[in-house]
Structures are given as structure tokens and as C-alpha cells.
């Protein structure tokens, strides 16, 4: 079959074969195709499709199918465009542009669907596929979904969790409106799955992962009193936290942490373990789908264990420690979490600790630390 590209936007010239006894149909098909082209030039795609379709019904030239697909593509009706492009490939078996059209189909299939989600009442938290990951936002909102099946899960305090299956891709423009059901007295803990045919399935709700446990190892530089020399040491820590969602991308973390830092002191040199116990509230901001920035402040206690007479911590070199020394400890820091899976993340942190001096000690304590570790959410 002959193909010649028209000047406008890659439409195919309709090639009507001469068929004995069918000349009126041929002439009318050519006339309709010409009218369709003029309508296409005027961006009147609906009427252009009608004319191309009428021409095809009189004389089935596959180029009409391509042109119909082109009109639908210009109207952002990508599923209809794909359907006609595929019919063109089937009917124009020896088309020289087969690979080009197949690539066009693949590109349209990969275009994300634009899904507008609303709920009654509004303000529901929306999760896409993975309810243990960060939420996409709160209703009403619009998300883009790549090709393939997806699950939208909506949560709102006092209402049953509701899930909706949806297909992504094809550049669809989709509106999803969810009527949330109030939790019955003594009820809750359920997910209502609303299928596309309107039927419902009730299943136990998956509990969100609010707790996290973190472990880290790093280096610390510390100074005490008027001695501004920063002494390096290795630091180890563990942290247990609970997250409270404040907004779609913002979480309040309440955490308890414990750390140990073996420091060298005295002459002869010996190890003085520095133990810290802190209450650490913080704010965690989702920067990207799997990346979080956390800012932390803390207050608690620092303990020095194993002190000996003459250690540089004492203002009086003849002082004899009667046991561990306990100080007020304050902490500030920032960290970045990068999730590798739903449960596990790696974290990198920077922080500073300050402990004011107590009686008999040469001065205030300062510690600067950098560490890396892992976070487990459960």
C-alpha cells in the first residue's frame, strides 16, 4: 500500500485502490478523507474522526486508522489513539513505518496517569501502593501514576481505611471520589476495598510502621574546660523512636537514645567511658519518595565512669573521684535517611553536645560527632 506523508503533522495520505464497480464509493471516500484533513488543520478533531471513519467504512484504507489515532492523540485520549494505531499495524501488514508506530504506542503507554483524588470528608491521608512508605498527601490532591496496576489507600481518624484499585499509565485523566465510612462503635482495624464494579471487600487493615530503631557508629571530637584541644574518639549509639504524622511530608519523632564513647584520659592513659542517655524529640521531613531530613534536639544525662586521681577533668589534681560523675547533657543534630526498603534505611548524622560544668570540674564539655548507621521501622 502506498504511503505519502502530508505536510501537516504527520498524517498519512489516504490511498484508495481503484475497485471495479465501486467508483462512487472510491470518490466519496476520497472526498471524506479530504474533508477530514481540512477539519484536522482547523483542530476540529471530533469531526475529523467522523470523516476519517466514514471514509474507512466506504473503502477500508488502514491509513485512515492511523489518522484517527493521530486525532485522538492530539485530544489527549491516548487509549483510543493506541487502539487505532494497533489496528493500523494489523491491517497495514507491510507498512514501512511499523517500528515507528510501535514506538509511538510504547511512548503513549508509558505516559503517567494524572489522578485527582477527593474524599468525603476531605483531609484523608493517601498512600500509593505501599502503606508503610511516606504518604502522597491529603485529599483533595492530584498524583501521577506510571503504567500498571496500583492501589490507593485512604486513612482518616475515625473512619475505616479504604483502598481503591486503579490502572496507571496511558496519560489518563482520572477522578477518584471516595466516600469514607465512619468506624462503628467498637469497630475499626479494617480496610474497605472498593472494586471497579462497585462491590466491596473488607479485610484487616495493615498497621502503619510508627516505631523505628536505629544503631550507629561514628567519630567524636571532644574538649573540656579551658583546654580547647579536640580529642578524637569512637562513638556508638542506639535510638528508639515513635513517629506522629503532622502533615503529608512532616513527622514528629519522639525518641530515647543511649550512647557510649570510650575516651582516653590521665597519665598513665586509661579509658574513661562516656555514657549518654537522652530524650530526643525531632522533626522529620520527606524530601523525596525515599529520602528524609531529620532535625533533632535532646536533653538528658552524661556520665563519666572510671575516673582516676589526676585526670584532666578535675580542677584539683589531687581530687579523688568517689564514683561516676553525672552532668546535664544537651544535644542538637541533623540527619539524612535514605530508605532502601520499606523497613530499612541508612542514615548519616552530624551533631553537637554541650554539658555545663559541675563543681570540681575544670569547665564545660563540648563534643562534635559524625556517624552513620541503619534504621529499622516496625
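The values are calculated or read from the model by the stated rules, or taken from the named source; none is laboratory data. All values reported here derive from a predicted model rather than from experimental measurement. So basically every Cβ, Gly included, is an ideal-geometry build from the backbone, and we count neighbours across all protein chains shown.
Values for this structure:
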| read-out | value |
| --- | --- |
| Qualifying residue in the stretch 233-248 (condition: more than 29 Å from residue 361 (Cβ to Cβ), modelled with pLDDT of 80 or more and crowded, with 20+ Cβ neighbours inside 10 Å) | yes |
| Residue count for the stretch 22-75, restricted to those that are assigned to a loop (DSSP other than H, G, I, E, B), over 29 Å from residue 171 (Cα atoms) and touching a helix residue (DSSP H, G or I) at 6+ places or on another chain (Cβ under 6 Å) | 1 |
| Output for the stretch 98-121, where each listed residue is at pLDDT 85 or above, under 27 Å from residue 139 (Cα atoms) and crowded, with 18+ Cβ neighbours inside 10 Å | 115, 117, 119 |
| Boolean, residue 347 is surrounded by fewer than 14 Cβ atoms within 10 Å (Cβ to Cβ), within 19 Å of residue 216 (Cβ to Cβ) and at pLDDT 85 or above | no |
| Close pairs from the stretch 268-291: first within 22 Å of residue 325 (Cβ to Cβ), partner assigned to a loop (DSSP other than H, G, I, E, B) and at pLDDT 80 or above, Cβ under 6 Å, at least 6 apart | 273/305 |
| Hits in the stretch 37-82 (condition: touching a residue at least 40 places away in the same chain (Cβ under 8 Å) and surrounded by 17 or more Cβ atoms within 10 Å (Cβ to Cβ)) | 55, 59, 61, 62, 63, 64, 66, 67, 70, 78, 82 |
